[in-house]
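To keep things clear, I will list the structure first and then write my remarks on it.
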Amino acid sequence: MIDVRELRVGSCISGRQINIFRVDEIGIEDGLYTLRMYIGQLGGHSWLDMIPWDAMPLPLSENILLKCGFKNHKQSFSLEINELSSLVYSFETMFDSFHCYAYLSKIINHPKGGGHMDTAKYELNIIHLHQLQNLYFDLTGKELDVSRVLKEYSNR
């Protein structure tokens, strides 16, 4: 089950009836949420509705990170956010899990000339694809490219 407050239009999740589900609408009626995916062309008349407690998160994997544009660096994966900042996932084989770090940098200009780069490292609890999509959007204002993930999982 997924907390509907973590979802937004474009979130990728899975369900019992389908391998991957891209949320096209989030509706509420009589206090109950519905997640809707359009089938076929956008705006068509066919859709699939799902209640949030039937929705399951897609756990991040090496394959999903690579399909989202991350670069493989042996035990870690990185995705450039801008010329100064990046997201890094390191794989902890002992715990068989990923750890996400955001390295956010900015250049500090000094009033008398010159400057330096200030970098902060944040450890984040991002273990599912929809969480990564939310983080990427929050940091960049752009959607994470999940088209290759959707293509692969929808063909299963």
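Every test in (1) out of contact with any Pro (no Cβ under 9 Å at 6 or more places or on another chain); (2) of a type in the set (A, V, I, L, M, F, W, C); (3) within 21 Å of T140 (Cβ to Cβ) is passed by L7 save one, and that test is (1).
For the range 64-74, a residue qualifies if it is at pLDDT 85 or above and exposed (fewer than 14 other Cβ atoms within 10 Å of the Cβ), and the qualifying residues are K71, N72, H73. Looking at F77, F91, just one residue is modelled with pLDDT of 80 or more, assigned by TED's automatic domain parsing to the domain that holds K142 and on the phi < 0 side of the Ramachandran plot, and that residue is F77.
Restricting attention to the range 43-78, the residues that are part of a strand (DSSP E or B) and in contact (Cβ under 8 Å) with a residue 40 or more places away in the chain total 4.
In this structure, is S147 more than 24 Å from I13 (Cβ to Cβ) and either surrounded by 14 or more Cβ atoms within 10 Å (Cβ to Cβ) or modelled with pLDDT of 90 or more (or both)?
So S147 fails the test.
S61 meets all of the listed conditions (1) at pLDDT below 85; (2) closer than 21 Å to S11 by Cα but one, namely (1). Residues in the range 8-32 that are modelled with pLDDT of 85 or more, among the hydrophobic types (A, V, I, L, M, F, W, C) and either over 17 Å from the mean Cα position of the chain (by Cα) or in the same structural domain as L129 (by TED's automatic domain parsing) (or both): I26, I28, L32. Against the test of being within 17 Å of the chain's Cα centre (by Cα), surrounded by 12 or more Cβ atoms within 10 Å (Cβ to Cβ) and under 30 Å from Y122 (Cβ atoms), the options L87, L35 yield a single qualifying residue, L87.
What about K151, is it at negative phi, in a loop (DSSP other than H, G, I, E, B), in contact with a helix residue (DSSP H, G or I) (Cβ under 9 Å, 6 or more places away or on another chain) and not hydrophobic (A, V, I, L, M, F, W, C)?
So K151 fails the test.
Taking the stated definitions as given, is H99 outside the structural domain of I13 (by TED's automatic domain parsing), surrounded by 11 or more Cβ atoms within 10 Å (Cβ to Cβ) and modelled with pLDDT of 90 or more? So H99 does not fit the description; no.
The values are calculated or read from the model by the stated rules, or taken from the named source; none is laboratory data. Quick caveat: nothing in here was measured; it's all calculated off a predicted structure. Note: ideal-geometry Cβ built from the backbone for every residue, glycine included; neighbour counts use all protein chains shown.
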